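These notes are about the structure you will find just below.
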Amino acid sequence: MEPQPFSRERIEKALRAHPQGLDTLPPPLRPAAVLVPIIERAEPTMLFTRRTEHLSSHAGQICFPGGRVHPDDGTLIQTALREMQEEIGLSPDAVKIGGFLDSYETLNTGYMILPVVGFLSGDFVLTVNADEVAEVFEAPLSYILDPTHHARRSLERNGVMREFFAIDYGNHTIWGATAAMVVNLSERLGLR
């Protein structure tokens with residue numbers, strides 16, 4: 001019997017078992033990691049955060065919990081889990097790591113980001129760091145991974161035209177690196 005499209009088993013089979021593209025980063029790229037949290041509900045969802053408006057970078061943007069590597073992080077998985085705990089108060093023990101998406105290079109900020117996919121049971125409690133996170137919300141995987149919701153948009157910045165994916169969900173627009181990671185999962189699942 002074929003696993004359901006959004007079951008943990010199906011998603012784990014579609015993921016990379018090991019991180020790729022992070023062994024030797026050419027300067028000026030710096031390593032970073034995000035947790036792509038999938039919540040195992042009757043209808044599975046993906047958890048997103050909206051950054052506060054006063055932050056110096058990516059203010060107000062929709063993203064996954066994560067950030068740059070700290071000296072005490074032994075692995076990029078530890079980076080993603082530490083950042084998740086700092087931002088939304090979830091213990092690393094609450095997450096079951098499923099695998100990895102393709103690494104993503106940010107053009108403006110100079111990071112190579114490893115998306116770490118983790119599964120959460122639906123009974124978690126958040127303690128949101130209000131200094132970093134303005135809002136936490138969930139979107140159904142059936143909606144967020146549907147290619148018909150993945151729009152291509154463009155923006156001119158400093159005389160350079162950039163194209164990116166954008167996903168409108170309710171009053172939120174998920175775009176840039178976060179949307180690219182969602183699209184990557186959709187591709188890995190064979191939905192695109």
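For the stretch 117-135, the condition holds for at least one residue, the condition being that it is outside any helix (DSSP H, G or I), surrounded by fewer than 19 Cβ atoms within 10 Å (Cβ to Cβ), within 16 Å of the chain's Cα centre (by Cα) and among the hydrophobic types (A, V, I, L, M, F, W, C). Against the numbered list (1) under 23 Å from GLN85 (Cα atoms); (2) at pLDDT 95 or above; (3) not in a strand (DSSP E or B); (4) not small (Gly, Ala, Ser), GLU187 comes up short only at (1).
When the stretch 136-170 is filtered for residues that are over 18 Å from CYS63 (Cβ atoms), over 18 Å from the mean Cα position of the chain (by Cα) and in a strand (DSSP E or B), the ones remaining, listed by number, are ARG152, SER154, GLU156, ARG157, VAL160, MET161, GLU163. Among the criteria (1) at pLDDT 85 or above; (2) surrounded by fewer than 17 Cβ atoms within 10 Å (Cβ to Cβ), the one ILE11 does not fulfil is (2).
Scanning the stretch 61-79 for residues that are closer than 11 Å to LEU114 by Cα, in contact (Cβ under 8 Å) with a residue 40 or more places away in the chain and either of a type in the set (Asp, Glu) or crowded, with 16+ Cβ neighbours inside 10 Å (or both) turns up GLY66, LEU76, ILE77, THR79.
The values are calculated or read from the model by the stated rules, or taken from the named source; none is laboratory data. Note that the coordinates shown come from a computational prediction; the quantities given were computed from them, not determined experimentally. Neighbour counts run over all protein chains shown; Cβ positions are idealised from the backbone, glycine included.
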